[in-house]
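Only the coordinates and a few stated rules stand behind these numbers; no lab work does. It should be emphasised that the depicted structure is a prediction, and the values quoted were computed from it without experimental measurement. FYI the Cβ positions are ideal-geometry reconstructions off the backbone, even for glycines, and counts take in every protein chain you see.
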């Protein structure tokens, strides 16, 4: 499963297409770049871009939800509502569906942020707000991390 890292700013063209950086299209093997992705609603108001492997892992987790749990059913519906498989074109671009563009309030520019298991596509202003607000609320980057790594000794 590829691990996506880095933060880039790219333009979205009038057809809703955005380039995926070459480093993020490499996947696990530089010889076999990723040619398809799964786009979906992300958390905190972004678009999530999954590799086929990451998408399958997410679906496996969702399949383990109890079918009798109404919250699980509601999440499953909301999560899969606007999901779409997209193909990378010859220029390294994918098309973002209009529903996801609206959901993430995307305009002419977007921030692509590698979030390990997926790529997040953000409205630049929203990304800046989400990136700084959490750190400011905690007091510092170190305070934000406090307690997250305690079980790793």
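Odds and ends about this structure:
- Computed over the stretch 36-113, the P(r) curve from all C-alpha pair distances, binned at 5 Å from the origin, holds 3, 14, 23, 24, 18, 10, 5, 2, 1 percent per bin.
- Ranked by how many other beta carbons lie within 10 Å on average, peptides 134-143, 34-43 from highest: 34-43, 134-143
- Estimated at 0.36 nm per residue, the fully extended path between residue 129 and residue 57 surpasses their Cα-Cα distance by 23.0 nm.
- Descending by average beta-carbon neighbour count within 10 Å, the peptides 51-58, 102-109 line up as 51-58, 102-109, the highest first.
- Potential extension, residue 141-residue 74 segment - 0.36 nm per residue separation minus Cα distance: 20.7 nm
- Exposure proxy ranking, count of Cβ atoms within 10 Å, fewest first, for 20, 62: 62, 20
- Here the label points at residue 89 and residue 44, each 7 Å from Cα along the C-beta direction, are separated by 3.0 nm in the simple model.
- Exposure proxy order (Cβ contacts within 10 Å, fewest to most) of 65, 127: 65, 127
- The chain - percent relative contact order, Cα under 8 Å, separation 6 or more: 33 percent
- Overall dimensions of the stretch 7-145 by Cα: Rg and Dmax, Å: 16.0, 45
- As a proxy for reagent exposure, 14, 113 were ordered by neighbouring Cβ count within 10 angstrom, fewest first; the result is 14, 113.
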